[in-house]
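Student: Mind having a look at this structure? Questions to follow.
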Amino acid sequence: MRYYSLNHQSPTVDFREATIAGQAPDGGLYFPEQIPRFSAEFLTRLPALPRAEVAYEVIRPYVGACIPEDELRRICAETVDFEFPLVPVSDRISALELFHGPTLAFKDVGARFMSRCLGYFSRRQAAPITVLVATSGDTGGAVADGFLGVPGVEVVILYPSGKVSPLQEKQLTTLGQNITALEVRGNFDDCQQLVKQAFLDATVTQRRQLTSANSINVARWLPQQFYYLFALQQWTHAAPPVVAVPSGNFGNLCAGLLAHASGLPIGHFIAACNANDAVADYLRTGAFAARPAVATLSNAMDVGNPSNFGRILELFGQQHAALSALVSGATITDADTQATIRRTYQHTSYLPDPHGAVALLALENHLAEHPDARGFFLETAHPIKFPEVVEPVIGAAVPVPDSVQGLLSKPKQSILLEPRYEALQEFLLR
Ligand SMILES: *Cc1c(COP(=O)(O)O)cnc(C)c1O
């Protein structure tokens with residue numbers, strides 16, 4: 001498989017080059033030259049196949065000859081070695097729980113896959129790779145966990161001091177080894193700005209091979225297709241499901257659309273947004289306008305200019321009509337998010353997190369107008385990651401899962417950093 005830049009000013013590359021570079025030199029996102037088709041035989045056998053086998057079949061054409069079969073099978077098996085249950089919430093709605101990985105958020109899948117691919121590639125080159133990433137919470141933890149102990153890869157994570165939840169901070173700062181957390185006295189935009197500057201700084205890039213680990217990287221984006229296949233393995237109704245995806249940078253939804261383009265039977269998609277709804281607006285009107293991000297209760301979706309929107313347009317040949325026939329947009333307010341968490345918990349005892357709640361309400365609204373349809377929403381994080389939102393709404397504490405009990409008592413290790421580029425540069429050149 002070759003990948004071209006959506007800005008069309010850079011040469012095409014293979015999977016290895018796209019993974020190491022992250023973004024094309026012309027600043028564009030990489031996009032696959034062909035969309036593979038699932039065979040009818042594969043789709044018939046899907047419910048009975050082991051998850052690792054499904055993952056391997058889906059990703060193989062995208063990786064091509066860059067990773068040998070036995071190695072790629074091992075990477076796939078390690079990436080998906082936890083559960084992805086489709087849990088009924090009401091008679092027409094289920095939750096696809098994507099939070100059973102080590103950091104309790106769906107980003108674990110992309111981060112685990114990408115880290116293992118990069119680990120494989122770095123074994124065959126002398127110079128170590130530095131993964132530099134800014135996080136507002138979930139990305140950093142998933143990346144840190146995914147890359148922990150991977151030889152030849154050093155991970156540097158920038159996070160805004162005091163602006164991530166206590167559990168998220170522990171996930172970033174307690175691992176040690178090849179993971180360093182820089183605690184920036186500023187906000188998420190400061191962190192992102194510092195990272196961008198480092199990528200443009202030749203003094204740094206001559207000394208270190210830098211790569212990013214957000215969803216613009218094909219090795220983080222493409223494996224997100226797996227969720228949709230795992231859901232369809234568990235889907236027992238004859239009619240294809242309506243799928244609601246809580247969206248921020250739109251990597252997750254775009255991966256679902258890619259799986260659909262390869263032949264996965266999904267009836268309709270909902271791009272579920274909070275107040276940051278530039279894409280939902282586009283779906284309604286055909287006009288796109290990026291805007292500054294606004295803060296909401298579902299803060300992992302507070303993105304004003306989503307990176308993966310360009311990939312979605314490319315997949316549909318820039319045709320609004322084709323895209324809006326398959327995908328509808330929904331905008332959900334913070335007040336409705338809180339009401340949905342409370343009502344769902346009271347009536348069904350299911351406790352959605354703020355991001356899942358946005359998608360759940362968007363799905364309920366859609367199904368109210370389509371009385372014969374059924375569907376599921378993607379529950380992208382465990383509610384314990386957002387106790388400051390969830391606990392006041394339900395008036396109760398969220399029980400801490402066993403898997404993270406130990407984490408909360410581990411000592412935090414971070415390096416405080418002023419939000420000035422010279423401070424980051426000095427750290428990277430040390
Ligand atoms: C990152 C994130 C999202 C948004 O996913 P995108 O792929 O960026 O659209 C939604 N929910 C949670 C919990 C997240 O961490």
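Values in this text are rule-based calculations from the coordinates and carry no lab data. From a predicted model like this one, the values you see are computed outputs, not experimental measurements. All Cβ positions, even for glycine, are placed from backbone atoms using ideal geometry, and neighbour counts span all protein chains on display.
Student: Which residue, chosen from Ala322, Asn365, His355, occupies the Cα position most advanced towards the positive end of the dipole of segment 297-430, where the dipole is computed from +1 (Lys, Arg) and -1 (Asp, Glu) charges on Cβ about the Cα centre?
Tutor: Of the candidates, His355 comes out farthest on the positive side.
Student: For segment 115-183, state the average projected area of the convex hull of the C-alpha atoms over all orientations, rounded to one decimal in nm². Spell out each step's value before the answer.
Tutor: Working: hull surface 16.2 nm².
Computing the convex hull of the Cα atoms and averaging its projections yields 4.0 nm².
Student: Oh, and also: Could you point to the residue in Pro223, Leu428, Leu194 farthest towards the positive end of the chain's charge dipole, with +1 and -1 charges on the Cβ of Lys/Arg and Asp/Glu respectively?
Tutor: My answer, from the dipole projection, is Leu428.
Student: Please find, in a Gaussian network model of the chain (springs between Cα atoms separated by less than 10 Å), the residue of Thr333, Thr344, Thr285 whose mean-square fluctuation is greatest.
Tutor: Thr285
Student: With a Cα-only, solvent-free Debye model of segment 192-324, what are the log10 I(q)/I(0) values at q = 0.13, 0.18 Å⁻¹?
Tutor: -0.64, -1.07
Student: I'd like the antiparallel share, as a percent to the nearest 5, of DSSP beta bridges with both residues in the chain. Show your work: numbers first, answer last.
Tutor: Values: 8 of 44 bridges.
Looking only at bridges with both residues in the chain, the antiparallel portion is about 20 percent.
Student: Next question. What's the magnitude of the charge dipole for the chain around its Cα centre, counting Lys and Arg as +1 and Asp and Glu as -1 at the beta-carbon? Answer in Debye, nearest 20. Can you show the working numbers first?
Tutor: Numbers: 32 positive and 41 negative charges, 130 e Å.
The calculation lands at about 620 debye.
Student: Where the centroid of each part is defined by its Cα atoms, how far is segment 379-430 from segment 139-168 in Å?
Tutor: Cα centres, segment 379-430 to segment 139-168: 10 Å.
Student: Also: So if I take the alpha carbon set of the chain, get Rg, then get Rh from the Kirkwood formula, what is the Rg over Rh ratio?
Tutor: Working: Rg = 20.5 Å, Rh = 21.9 Å.
Rounded to two decimals, Rg/Rh equals 0.94.
Student: Right, here's the next one. Most exposed first by the Cβ proxy, i.e. fewest other Cβ within 10 Å, how do Val358, Val54, Val143, Val279 rank?
Tutor: On the way: Val358 33, Val54 21, Val143 29, Val279 24.
So the ranking, lowest neighbour count to highest, is Val54, Val279, Val143, Val358.
Student: May I ask which of Lys196/Lys385; Lys196/Lys410; Lys196/Lys412; Lys163/Lys412 have a Cα-Cα span longer than 21 Å here? Don't jump to the answer; show the numbers that get you there.
Tutor: Values: Lys196/Lys385 27 Å; Lys196/Lys410 31 Å; Lys196/Lys412 26 Å; Lys163/Lys412 15 Å.
Beyond 21 Å between Cα atoms: Lys196/Lys385; Lys196/Lys410; Lys196/Lys412.
Student: Another question about this same structure. Can you classify segment 304-430 as rounded, prolate or oblate using the Cα gyration tensor, where a ≥ b ≥ c are the square roots of its eigenvalues, rounded means a/c under 1.5, and otherwise it's prolate if a/b beats b/c and oblate if not?
Tutor: oblate
Student: Then there's this: If you bin every alpha carbon distance in segment 292-346 into 10 Å steps from zero, what whole percent lands in each bin?
Tutor: 18, 36, 31, 14, 1
Student: So what is the diffusion coefficient of segment 137-251 in µm² per second by Stokes-Einstein at 37 °C and 0.692 mPa s, using a Kirkwood Rh over Cα pairs?
Tutor: 198
Student: Here's another thing I want to ask about it. Based on Cβ point charges of +1 for Lys and Arg and -1 for Asp and Glu, what charge dipole magnitude is obtained for segment 312-430 about its Cα centre, in debye rounded to the nearest 20? List each step's numbers first, then the result.
Tutor: Values: 8 positive and 14 negative charges, 66 e Å.
Its charge dipole is roughly 320 debye.
Student: Only loop residues by DSSP count here, and only those with at most 12 other Cβ atoms within 10 Å; note down the GluC sites (Glu not before Pro) in segment 20-118 that meet that. All intermediate terms of the calculation are to be shown ahead of the outcome.
Tutor: Values: sites: Glu33, Glu41, Glu53, Glu57, Glu69, Glu71, Glu78, Glu83, Glu97; in loops: Glu33, Glu83.
In loop regions of segment 20-118 (DSSP not H, G, I, E or B), the sparsely surrounded GluC sites (Glu not before Pro) are Glu33, Glu83.
Student: Dividing the alpha-carbon Rg of segment 1-119 by 2.2 N^0.38 Å yields what?
Tutor: On the way: Rg = 16.5 Å, N = 119, 2.2 N^0.38 = 13.5 Å.
Against the compact-globule rule of thumb, the ratio is 1.22.
Student: Let me ask something else. For a Förster distance of 35 Å, can you work out the FRET efficiency between the beta-carbons of Val400 and Thr12, rounded to the nearest 0.05? Please list the in-between numbers first.
Tutor: Values: r = 47 Å, r/R0 = 1.35.
My answer for the efficiency is 0.15.
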